[in-house]
Every structure is written in C-alpha cells, then in structure tokens.
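The structure appears right after this line, and notes come after that.
The values are calculated or read from the model by the stated rules, or taken from the named source; none is laboratory data. If you're wondering where the values come from, they're calculated on a predicted model, not measured in any experiment. So basically every Cβ, Gly included, is an ideal-geometry build from the backbone, and we count neighbours across all protein chains shown. The accessibility values were calculated without ligands, DNA or RNA, using every heavy atom of the protein model including side chains. Shrake-Rupley method; radii C 1.70, N 1.55, O 1.52, S 1.80 Å.
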Amino acid sequence: MSPKVGRNAPCWCGSGKKYKRCHLGRNLEDPVPLSEVDKKFREAFSQRMCLVPNVMKNQCSGQIVKAHTVSRAACLSKIARYGHVYQIKVGLFGSDLPDGPAAYDLVGMNQASTFSGFCSHHDGTIFRIIDTEEFKATAEQCFLLAYRAVSYEVFTKISAMDLLSSSGDLDSGREVSEQVRIQNLFSWMQSGTSQGLTDINSHKAKFDEMLLEKDFAALRYYVINLQTPPDIMCASGYFPIYDFSGQQVQELGVPDKVPDVIFFSSIASESKGAVVFSWHKDSDKACMPFISSLDHLTDGELPHALVRWFFDTSENLYLSPDWFESLREPDQQSLIRRINVAGDPFKPFDSKSLLDDGVRAVKWAVTGRQSNLG
C-alpha cells in the first residue's frame, strides 16, 4: 500500500525531509546505476582511521595504511598462486554469490584482507610479533590476533553504517510499494548494524584495556595446531548462537545485554599452521560451551568442522586457488551455499548448521591443541 503523505509533511521514509523534497515522484526518476552503487560501497569501506585507544592517538604517524587482517607475508603467501588468492565477493545486502565457483574473485595479496584501520606506526609496532615472529601460541600472540579481528569488525560496522546512511536513494525509479519495502529493509539493517557496532565497541574497549596494560590475564584462547598451513585464511569475530552439537549457547537481541563474542584466525607459521580462537573472560558464558563442543570432536572431525564454521561465519575469507579449484563440484557448491545462507538477512539461524554434513573438503592433519582454559 502506498503511503498517504501531504507534500509538506515529513516524508514517510524517516529521512527528516519534507515529502516533496524526498520521495515525491521518486518512481519517475532514473534508477541508480550499478556503477554508483559500487562507488558508494568503495567509498564507505575506504575510510581512513586509526583504531587504537584514544590515549595512543598522539603517537599516530598520520599515514593511514592498508593494514592486513591476515598477514600477507606469513599467511597469504602460503596459499597464493602467482601472488593471488580467491576472495569472496560481498555486497550491500550480504553475499552477492551466485550458485557457482565464479563467485570468487582472484585478488592480489597486496589487496587481499586489507582495511584502512591503523596508521603506519601502530600497524607496524602493535602487530610486529604476529607478522614477523614464529607463532608459539603465547597469550600475547593470541591476544594480538583477536585485537586485529575486533578492530576489523569495528571498522566494517562503521563503514556499513556510513554506506546505509548514504544509500537511501537506491529505490529511485521503483514503484512506491517497492520503495516502501526497500526503505523498511534499510531501516531494519541500520538498526541492526547500529546495535552491532555498539556491541562490538563494548568488547573492543576491553581489548583496548588489555593492550594498554599489556596484561592478558583476562584473555581465553584455544589453539588447534595443524601440520601444514590451512588452505583457508581468515580473521573475524562472531557472536556464537549454536555450538558444534547443535546446542544453543546464547540468545541474541536480549535487551540491555551485550552478547558474548569470539574471535578466530587461521594462520601459517613457518611450514605449519594453526587456528586460534580467543575471547575475553566476560564472554565465558557462551564461548566456553562453544569451545567445549569443538574440543570434543576427534582430530579427524576437527578440520571439517572448522571449514563449516569459517564458511558460516566469516566474510573475511581467503582461499587457496589450487585447493578450491581441485574440489569436487558438489563440495564447492556446498561451501557456496553456506555463504549464501549466512549472507541472507532473512534466513533464521539454523541450529544444525555446524553439524557434520559429510563434506570432506580439506586434508588438514591436527597435530595438537593448546589452551589456557585449565
């Protein structure tokens, strides 16, 4: 149904403008070209900031760099082919993937996994020991992997908010009923992204405190050591809802409650690999049972569970071209479907998504597990 609004009344979309200066006659306008949509996306995610705590900003170099969420030299180089890796294409409304392998773009290592979230000084000094030293699963190294991931999550949510606030004209040239649908979707997405930014900032404040104090006693970590570098590199954070046995570990959207979050990275170190989960002790309620369900899996089951987790929860995902192209087509399609489902904001969370689906896409060998969980 079309909104009934007077010309001089506030527009029904909530922009604060008068109807005559906002949506009146918008159905007669030319649609926004895809090139303009792409431009908005690039501009929003090309902001430049240094996400260190405020008390450290007086040390900023002033030169914002393209910081790697996944180390280029230590990790991406181990899975690259001729200097390139596969990167998932993600758009405004989540995954833009069609049902096929062409959904992955080959990108150079210099561009893969980058975000303009630190100045040259802080990117070089804060993360030096995980970019240049062998990974030994120390508390500080696990913390820094998590700190890079939480900073990336803050950056993406700030960027997404800016993108949504500048994309209100994407309904140009559409019928009024479609305009209403799009504006309702944007309002819903803005509300969810705003709450997500508030929640992740709350967690980052705790990691900022650990960074400043260089005290990692509040950090929990669980490390899975691999015989070789994993074919999939990622660095992300996620609010876990269900664990690997299908049990619910927390409920999202509880008023006045910040949900528990876990951070995870897959890395290479020398000729070996690891997957690292880290969280602040204040997130124990959800993260401890979640990790317990992972720890109960056998060494043979564990790699395939990790693949399901990566494709269900991370958009910051980089794949070995040789590995992905060698997969059987049904396995490729299974992984792509996971991303499509995860990227669809209208699909409910599936309690069974992390359960074994029979796909055996990797040949990783687990060589051990380390944690500070007692």
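Subtracting the Cα-Cα distance from 0.36 nm times the residue separation, let me have the gained length for E43 to A365 in nm, one decimal.
111.8 nm
Please list, in order, the residues from the range 196-216 whose amide nitrogen is less than 11 Å from a point placed 7 Å along the Cα→Cβ vector of N54.
Label zone hits: none.
Given a Förster distance of 51 angstrom, what is the FRET efficiency for V254 paired with Y82, based on the Cβ-Cβ distance and rounded to 0.05?
0.60
So which GluC sites (Glu not before Pro) in the range 151-259 pass both tests, a DSSP loop state and at most 12 other Cβ atoms within 10 Å of the Cβ?
Passing both the DSSP loop test and the Cβ count: E175, E251.
Per-residue ellipticity at 222 nm for the chain, helices alone: DSSP H runs ≥ 4 residues times -39500 (n - 2.57), over residue total, nearest 500 deg cm²/dmol?
Rounded to the nearest 500, the figure is -11500 deg cm²/dmol.
Roll a 1.4 angstrom probe over the protein heavy atoms and tell me the percent of accessible area of the range 1-40 that is carbon or sulfur.
In the range 1-40, the share of accessible area belonging to carbon and sulfur is 51 percent.
Pairs of alpha-carbon atoms within less than 8 angstrom and 6+ residues apart define the contacts here; what relative contact order does the range 170-310 have, in percent?
Answer for the range 170-310 is 23 percent.
Loop-only check: which trypsin sites (Lys or Arg not before Pro) in the range 265-374 are DSSP coil with at most 14 other Cβ within 10 angstrom?
R328, K352, R360, K363
Using a 10 Å cut-off on Cβ atoms, rank the peptides 273-279, 195-201, 310-316 from the highest mean neighbour count down.
Output ranking for 273-279, 195-201, 310-316: 273-279, 310-316, 195-201.
Tell me, what HN-Hα J-couplings in whole Hz come from the Karplus equation 6.51 cos²θ - 1.76 cosθ + 1.60 at θ = phi - 60° for each residue of the range 263-280, using x for Gly and Pro?
Per residue, the Karplus-derived 3J(HN,Hα) values read 10, 8, 9, 9, 9, 10, 9, 6, 9, 10, x, 7, 10, 10, 10, 9, 7, 7 Hz.
Assign one of three labels to the range 291-374, namely rounded, prolate or oblate, based on the Cα gyration tensor with a ≥ b ≥ c the square roots of its eigenvalues; rounded applies when a/c is under 1.5, prolate when it is not and a/b is larger than b/c, and oblate otherwise.
Here the range 291-374 falls in the oblate category.
Probe of 1.4 angstrom, ligands and nucleic acids ignored: what's the accessible area per residue over the chain, in square angstrom?
Spelled out: the 1.4 Å probe surface of the chain, per residue, equals 48 Å².
A 27 angstrom limit on the alpha carbon distance is what I want to check against. Which of K20/K347; K78/K204; K78/K352; K66/K157; K17/K40; K40/K285 exceed it?
Beyond 27 Å between Cα atoms: K20/K347; K78/K204; K78/K352; K40/K285.
Sticking with the crude label model, points 7 Å out along Cα→Cβ, report the distance from S61 to K18 in nm, one decimal please.
5.2 nm
Quick check: at a probe of 1.4 Å, how many percent of the accessible area of the range 192-295 sits on carbon and sulfur atoms?
About 46 percent, which is the carbon plus sulfur part of the accessible surface.
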